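Novice: Below are the structure tokens for one structure; questions will follow.
Bear in mind that the values in this text are calculations on the coordinates, not laboratory data. Every value quoted in this text rests on a predicted model; they were computed, and no experiment measured them. Neighbour counts run over all protein chains shown; Cβ positions are idealised from the backbone, glycine included.
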Amino acid sequence: MAHYARACLRLGVDVGTLEGLQRNERYDLVSMIQVVSHFYDLRKALQKAARVTRPAGFWLIETWDRESWTARAFGRYWHEYSPPSVLHWFSPEGLRRLAEQFGLREVARGRPPKWIGGAHAKALLRHKLKGSRLERLTGGLLRVVPDRLAIPYLGDDLFWALFQATGACGAQHGGHSG
């Protein structure tokens, strides 16, 4: 993606972690789509995001809802309980309280429409069912699902939230570390 952005779109792109971002520019929008659950050092990453967010700038965060019906129904088998890749789980209210610690207030929240490919869905099922009785039952069925099939994701466990810097502490002081 970075190569395409540089070569075809002529965009300046840095590759690395948010925690390690070395730029001093400030931005109107910091987009964290499907990344906050993966930050190794969550507080450091959000402090960095707060420092580079302009006053009255925005954070757009999409992540999984640990308090959703889907997460509760599947329990430890919920697809997002998958360390070491996923390190943090959020509820909408928990994420709102966390953003407030960095000087941002929630201005909007919703659930995005999501589609997943057949290959992705099959890989998730195979991983989660490995070693279970259901693995044998679904093995033959999964072979008939085309890899490129677009499947609507019907779970209620994905949400997005838009936060705006208030200037109280986040964008100007880098948030709290405690």
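Novice: Restricting to region 91-110, give me the number of residues that are closer than 25 Å to ILE151 by Cβ and touching an Asp or Glu at 6+ places or on another chain (Cβ under 7 Å).
Specialist: 1
Novice: Here's a follow-up. State all residues of region 117-136 that are in contact with a helix residue (DSSP H, G or I) (Cβ under 8 Å, 6 or more places away or on another chain) and either among the hydroxyl-bearing types (Ser, Thr, Tyr) or closer than 18 Å to LEU158 by Cβ (or both); if no residue qualifies, say none.
Specialist: Answer for region 117-136, where residues must be in contact with a helix residue (DSSP H, G or I) (Cβ under 8 Å, 6 or more places away or on another chain) and either among the hydroxyl-bearing types (Ser, Thr, Tyr) or closer than 18 Å to LEU158 by Cβ (or both): LEU125, LYS128.
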